[in-house]
1. Condition test on A:Tyr127, is it surrounded by 14 or more Cβ atoms within 10 Å (Cβ to Cβ), out of contact with any Lys or Arg (no Cβ under 6 Å at 6 or more places or on another chain) and within 14 Å of another protein chain (Cβ to nearest Cβ)?
2. Tell me, which residue of the stretch A:170-194 that is more than 14 Å from chain B (Cβ to nearest Cβ) and part of a helix (DSSP H, G or I) is surrounded by the fewest Cβ atoms within 10 Å (Cβ to Cβ)?
3. Looking only at the stretch A:196-212, count how many residues are part of a helix (DSSP H, G or I) and either within 16 Å of A:Ala109 (Cα to Cα) or in contact with a Lys or Arg (Cβ under 8 Å, 6 or more places away or on another chain) (or both).
4. For the stretch A:161-169, does any single residue satisfy the condition of being part of a helix (DSSP H, G or I), facing chain B (nearest Cβ under 9 Å) and at pLDDT 95 or above?
5. So which residues in the stretch A:85-120 are polar (S, T, N, Q) and more than 17 Å from A:Lys147 (Cα to Cα)?
6. Residues that are of a type in the set (D, E, K, R), more than 19 Å from the chain's Cα centre (by Cα), over 20 Å from B:Arg19 (Cβ atoms) and outside the structural domain of A:Gly227 (by the TED database): does the stretch A:36-52 have at least one?
7. In the stretch B:1-32, what count of residues is obtained for those that are among the hydroxyl-bearing types (Ser, Thr, Tyr) and crowded, with 17+ Cβ neighbours inside 10 Å?
Amino acid sequence: PPERKRFYQNVSISQGEGGFEINLDHRKLKTPQAKLFTVPNEALAIAVATEWDSQKDTIKFYTMHLTTLCNTALDNPTQRNKVQLICAAVKFLETDTVCYRVEEPAALAELQKNEWDPIIAWAEKRYNVAIGSSTSITGPNIPASTKDTFISHLASYNMWALQGIEYVITQLKSLILSMGLIDRHITVEKAVLLSRLEEEYQIQRWGSVEWAHDYDLCELRARAAAGTLFVHLCSESSTVKHKLLQD
Amino acid sequence: MAALGSPLGTLRGLLRELRYASAQAGRPYRDTPAYQHVISAFRAHRVTSEKLCRAQQELHFQAATYLCLLRSVREHLALHQEYHGKGERSPEEVAGLVGFRLPQQPGGKG
């Protein structure tokens, strides 16, 4: 289907009962399920408004990651509750990218050890857990106590922030890298590099194909950045309308 | 805390991205809510100074993350337009690829 044309001149934000709203000319933005689009935090509203105001002739929804995240939080299309979201997030630890090691080629195995061991060590220290890594096809053996610690930690986040966390984990294919981002231990660029370590290794060996490699790289950076920003903005208790974030 | 570079560098980069984004709307970027929010946040927390306290570091991280978002979206879109956005070639273009021209039929097909 052809892209929707930009049908509005002005984008503005206003404060309603449930939070901040986005106005496209005189129309109030709605979610895909036709709910009123409200966000709990002014900075997030401004960033969403900026996405809408950046659209030129046609509306490119695939570039509007913050809008998408807000829609997911408001509509909850997968109908998951907080417990289900947390379990989905922690389950990723069993197949965490940074824990899954190759044995060959030796250069890649070495690269994985040098780049991924430190971030695992950081997570083990920060959360006081055992994680480890594995070359086995079944992946690392994560102790139940480790999972419990992460479940407990994630439970401290509200529903909106959790949607964001689960999104970042799904994009990076790693709970550990995502926590590194959320805890501000690594930048988005670094997290994406670590997530794409094998691709980067192949690119260094064989060369880069702009229309594929750079394309994927930019897209993953955009999504990881959006998710991280979303989590941080939804977690700032001083600037957030709590009524909207109730689980 | 992640290695972020200089706060001033981040601020400059962020304002540059906001300027690019505003070029779409044709409105001076200094009028946009995003620009005003970023400037006032940096001023309020004085994030351009050399040594940063924790709150300032958190703000700097947020700014760097937002910069990454804006820049990556712009770069991704540019790549998309370049490589994936052209759609199908018209019959004239296809003929031109192999050195032909389509016949002119002013009265339409008989």
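The values are calculated or read from the model by the stated rules, or taken from the named source; none is laboratory data. What you see is a predicted model; the values in this text were computed from it and never measured. Every residue, glycine as well, gets a Cβ built from its backbone with ideal geometry; the counts of neighbours run over all protein chains shown.
1. Against the criterion (surrounded by 14 or more Cβ atoms within 10 Å (Cβ to Cβ), out of contact with any Lys or Arg (no Cβ under 6 Å at 6 or more places or on another chain) and within 14 Å of another protein chain (Cβ to nearest Cβ)), A:Tyr127 does not qualify.
2. It comes out as A:Thr170.
3. 9
4. Looking through the stretch A:161-169, none of the residues is part of a helix (DSSP H, G or I), facing chain B (nearest Cβ under 9 Å) and at pLDDT 95 or above.
5. Hits for the stretch A:85-120 are A:Gln112, A:Asn114.
6. yes
7. 4
Residue by residue, here is whether (1) farther than 26 Å from A:Leu220 by Cα; (2) assigned by the TED database to the domain that holds A:Val231; (3) not β-branched (Val, Ile, Thr) holds:
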| position | (1), (2), (3) |
| --- | --- |
| A:Lys125 | yes, yes, yes |
| A:Thr146 | yes, yes, no |
| A:Ser152 | yes, yes, yes |
| A:Gln171 | no, yes, yes |
